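For reference, the structure is listed below as structure tokens.
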Amino acid sequence: MSYEFILVYREVAPYVAMIQLNRPKELNALNLQLMGEIRDALLDLDADDSIRAIVITGNDRAFAAGADIKQMAGKTAIDMLKIDQFTTWDTIRKTKKPLIAAVSGFALGGGCELVMHCDMIVASETAQFGQPEINIGVMPGAGGTQRLTKAVGKALAMEMVLTGRFISAEEAKAAGLINKVVPVELYLEEAVKMASACANKSPIAIQLAKESVLKSFDSHLQEGLYFERKNFYLLFATEDQKEGMAAFVEKRAADFKGK
Ligand code: HXC
């Protein structure tokens with residue numbers, strides 16, 4: 001398969017594959033095609049018996065700076081509903097093999113949510129995690145309000161979602177969002193090591209164990225995701241969403257009116 005916005009490496013270690021997001025100029029902003037490519041690559045790798053664990057990474061500057069604001073800016077609530085992008089995200093979440101995120105630089109908005117779709121997370125010391133959607137007149141839509149809250153607790157999740165503050169890799173580690181923080185030269189290597197540690201176990205035991213941990217983590221998640229999605233779509237009916245996203249594109253401060 002050939003892709004435009006990702007690179008797929010089939011054997012970075014025995015039984016370990018790697019997907020690299022590859023829109024560096026846009027800080028790996030997640031447009032719909034890129035998300036579709038991640039989904040397709042994961043479906044392909046999940047079906048391949050020669051692969052037992054998968055690393056997902058970006059580059060040193062950015063894992064991903066969020067959903068592509070330029071692509072979303074002009075959309076209405078009905079457009080967003082019809083695009084139905086979250087089916088793609090749900091498929092990504094259903095990957096049976098362990099997913100290890102190797103994060104450096106920005107992991108923001110949909111980027112942070114994609115990280116939270118992974119099972120384990122290794123970060124470089126320069127990684128920053130955040131849900132800054134509030135700055136552009138919207139809110140997280142790919143599970144951020146649900147998974148972040150479960151991972152770090154209500155106080156920090158509220159602060160990140162309502163103020164847009166980024167947290168450092170160290171703070172993310174202390175809060176329980178990620179597994180490990182290492183120097184920037186080592187994050188990829190450490191993530192591959194973590195993937196290899198899963199890859200030498202029984203693939204069937206790994207699959208059922210992953211599914212079981214997610215069962216505990218995801219109890220009541222579907223209801224929460226449904227609620228989040230409706231509210232995310234609803235915000236595309238506001239003038240503030242248009243203003244917030246236009247302000248980002250035009251590189252100026254947003255002037256929100258509450259309309
Ligand atoms: C589209 C983006 C982008 C994004 C960065 N770029 N983030 N384009 N969508 N999310 C583009 C910039 O427009 C710019 O392109 C180039 O990448 C480099 O970014 P700069 O802003 O010049 O870099 P810097 O000054 O270092 O600032 C980095 C940054 C900032 C702090 C990460 O780019 C930023 O605030 N980005 C948006 C973060 C965000 O709000 N994310 C949430 C998105 S909403 P040009 O062509 O101008 O040089 C979301 C909802 C998810 O994720 C819902 C479910 C899918």
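Could you list, ordered by first residue, the pairs with Cβ atoms under 7 Å in which the first is in the stretch 179-203 and closer than 14 Å to ILE121 by Cα and open to solvent by 60 Å² or more (accessible area, probe 1.4 Å) and the second is part of a loop (DSSP other than H, G, I, E, B) and among the hydrophobic types (A, V, I, L, M, F, W, C), at least 6 apart or interchain?
none
Considering only the stretch 59-82, state which residues are in a loop (DSSP other than H, G, I, E, B), touching a residue at least 60 places away in the same chain (Cβ under 8 Å) and within 8 Å of the ligand (Cβ to nearest atom).
The answer is GLY66, and nothing else.
Consider GLN33 against the criteria (1) open to solvent by less than 70 Å² (accessible area, probe 1.4 Å); (2) assigned to a helix (DSSP H, G or I); (3) within 16 Å of the ligand (Cβ to nearest atom): it satisfies all of them except one. Which criterion is unmet?
Single failed check for GLN33: (1).
Quick check on GLY105: is it open to solvent by less than 40 Å² (accessible area, probe 1.4 Å) and at pLDDT 95 or above? Lay out the reasoning, then the answer.
Numbers: open to solvent by less than 40 Å² (accessible area, probe 1.4 Å): yes; at pLDDT 95 or above: yes.
Here the answer is yes, as GLY105 does meet what is asked.
Pick from the stretch 215-259 the residues that are under 23 Å from the mean Cα position of the chain (by Cα), without any contact (Cβ under 8 Å) to a residue 40 or more places away in the chain and away from the ligand (no atom under 16 Å from the Cβ): which of them is surrounded by the most Cβ atoms within 10 Å (Cβ to Cβ)?
Taking the candidates together, the pick is ASP218.
I need the full set of residues from the stretch 40-58 which are within 16 Å of the ligand (Cβ to nearest atom) and in a loop (DSSP other than H, G, I, E, B), in order please. So that I can check it myself, show each step before the final result.
We begin by selecting, within the stretch 40-58, every residue within 16 Å of the ligand (Cβ to nearest atom); these are 56, 58.
Within the stretch 40-58, GLY58 is the sole residue that qualifies.
Looking only at the stretch 1-22, count how many residues are outside any strand (DSSP E or B) and under 21 Å from LYS201 (Cα atoms). Working first, answer last.
Residues of the stretch 1-22 outside any strand (DSSP E or B): 1-5, 14-15, 22.
Cutting the leftovers down to under 21 Å from LYS201 (Cα atoms) gives us 14-15.
Looking only at that region, the number is 2.
Are there any pairs with C-beta distances below 7 angstrom linking a residue in the stretch 141-152 that is under 20 Å from MET80 (Cβ atoms) and of a type in the set (Val, Ile, Thr) to a residue that is at pLDDT 95 or above and not in a helix (DSSP H, G or I), with the two at least 6 apart or on different chains, and if so which?
Hits for this filter: THR145/MET139.
Pairs needed: first member in the stretch 1-19, farther than 13 Å from GLY58 by Cα; second member anywhere, open to solvent by 60 Å² or more (accessible area, probe 1.4 Å) and of a type in the set (Phe, Trp, Tyr); C-beta distance under 7 Å; at least 6 residues apart or different chains.
Sorted first by the residue in the stretch 1-19, then by its partner, the pairs are ALA17/TYR9.
Suppose we filter GLY137, GLY130, GLY144 for residues that are within 12 Å of the ligand (Cβ to nearest atom), more than 17 Å from the chain's Cα centre (by Cα) and either surrounded by 17 or more Cβ atoms within 10 Å (Cβ to Cβ) or of a type in the set (A, V, I, L, M, F, W, C) (or both); which single one remains?
On the way: GLY130 fails: more than 17 Å from the chain's Cα centre (by Cα); GLY144 fails: more than 17 Å from the chain's Cα centre (by Cα).
Going through GLY137, GLY130, GLY144 in turn, just one is within 12 Å of the ligand (Cβ to nearest atom), more than 17 Å from the chain's Cα centre (by Cα) and either surrounded by 17 or more Cβ atoms within 10 Å (Cβ to Cβ) or of a type in the set (A, V, I, L, M, F, W, C) (or both): GLY137.
Under 9 Å between Cβ atoms, at least 6 apart or on separate chains: pull out the pairs that start in the stretch 122-135 with a residue that is part of a strand (DSSP E or B) and end on any residue that is basic (Lys, Arg).
Filtered contacts from the stretch 122-135: VAL122/LYS180; VAL122/LYS193; ALA123/LYS173; ALA123/LYS180; GLY130/ARG165.
The values are calculated or read from the model by the stated rules, or taken from the named source; none is laboratory data. The structure displayed is predicted, hence computed values, not measured ones. Don't worry about glycine lacking a Cβ; one is built from the backbone with ideal geometry, like all the others, and counts go over all protein chains shown. The accessibility values were calculated without ligands, DNA or RNA, using every heavy atom of the protein model including side chains. Shrake-Rupley method; radii C 1.70, N 1.55, O 1.52, S 1.80 Å.
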